[in-house]
């Protein structure tokens, strides 16, 4: 019994000794350690003499590129690849480091990074209430002398800061990035179809600038179509493809030495080791000849119709015909959207503005359209044939819309997503419209 008691006492002493040793594991208080981390990261951010390149990836996989120059007065100069202006002109705002659950970097006044998070779609085209799900508060994850990895506190965006070089800082200060940045400028090529030749192959290029994805479509030697989509990241020199494109025997990892030609509305750059040009055209490399028939069938089979709110894009200007200015009658006075209704009756389809009141939607006037498709070219034609309703305007948005749909050159149809089709003018690919299934 005495031996057991002695052993028990030794165990108590050993545990107490371990606890005492653990108490000495930190020679500073938690507050002191946090303050040291705050000072360490503050010094590191300020110590980027030439600033920091910032590479942000959202939870949806979109990549955005920034440049940050932090000073010791909690001010930061920022550039962004989101618009030509934000790539050309640095904007100063404030920032601070704060100990939250982790030591965090907060961009605490409205800046370029907040534009991407703006909940108002009119600001930058993001989703209502959430923008592009971009964070503006980040906690420090890992860091080396030249690289800091951070994580967004709300959406868990990944932000990687890399020390900029003096050449990069000078390039930005001279405003040169605005003349070469890819994502904002590619939308200035107002043709729907955009073509680049790489390794002797013509590629049809479709860019989702907000989502930062690029799709290449081409035909092989036997005429079979192929498509390849990947995300991309902006650099000061061009773009880097997340996954490389194989162009014949050429491997394309991105576009470099990129230059935007505002006069010709085209890019020149190096791809696969050779110089080439990305420009607009009226003739696609490939389109789905079954798309017009599918466009009709999807609406007929669902018992629905196709709708657009703004109507045609003409030479880069959305809503050219100002359809929302249309008015109905005393019963249905207010414009809701413009529809195309395949199989409206046995004789024709319906093209018409739809108006609303407090109780619902109503048809006031419209046009009967007859659908046809050239079996050889795959081009579809929508021909104005009948007048429906009463009170038709004789000039203005309705007539402009009807005449454009009635264009004798016809249209290509492109399915871009479930329930969404683009209708592109054959005569001029700078004219196109997006229809949504209702």
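What the table shows:
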read-out	value
Length-normalised contact order of the chain in % [C-alpha pairs under 8 Å, at least 6 apart]	10
Crossing angle, helix 30-46 versus the chain [Cα axis fit, 0-90 degrees, rounded to tens]	50
Stokes-Einstein translational diffusion, the chain - Kirkwood Rh over all Cα pairs, 0.692 mPa s, 37 °C, in µm²/s	127
Contact order normalised by residue count of segment 291-437, Cα under 8 Å, 6+ apart, percent	22
Between 0 and 90°, nearest 10: helix 291-302 axis offset from the chain longest Cα axis	90
Segment 120-210, relative contact order in percent, only Cα pairs under 8 angstrom and at least six apart counted	13
Taking 89, 258 and counting other C-beta atoms within 10 Å, the order from fewest to most	89, 258
Computed helical MRE - 222 nm, the chain, DSSP H runs ≥ 4 contributing -39500 (n - 2.57), nearest 500	-6000 deg cm²/dmol
Counting DSSP beta bridges with both ends in the chain, the antiparallel % (nearest 5)	100
GNM top mover of 346, 99, 262 - the chain, alpha-carbon springs below 10 Å	346
GNM result for the chain, Cα springs below 10 Å: residue of 349, 27, 237 fluctuating most strongly	27
Global geometry of segment 182-281, whether rounded, prolate or oblate, following the gyration tensor of its Cα atoms and the 1.5 cut on a/c	rounded
For the chain, built as a Gaussian network whose Cα springs stay under 10 Å, the top-fluctuating residue of 129, 360, 368	360
Pairwise Cα inverse-distance average, inverted: Kirkwood Rh of segment 291-437 (Å)	15.4
Cα gyration tensor shape of segment 208-255, rounded if a/c is under 1.5, else prolate or oblate by comparing a/b with b/c	oblate
Order of 98, 69 under a 10 Å beta carbon neighbour criterion, fewest first	98, 69
Cα gyration tensor shape of segment 392-432, rounded if a/c is under 1.5, else prolate or oblate by comparing a/b with b/c	oblate
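Throughout, read-outs are computed from the coordinates displayed, never taken from laboratory work. Worth saying up front: this structure is predicted, and the values here are computed from it rather than measured. Cβ: placed from backbone, ideal geometry, glycine included. Neighbour counts: every protein chain shown.
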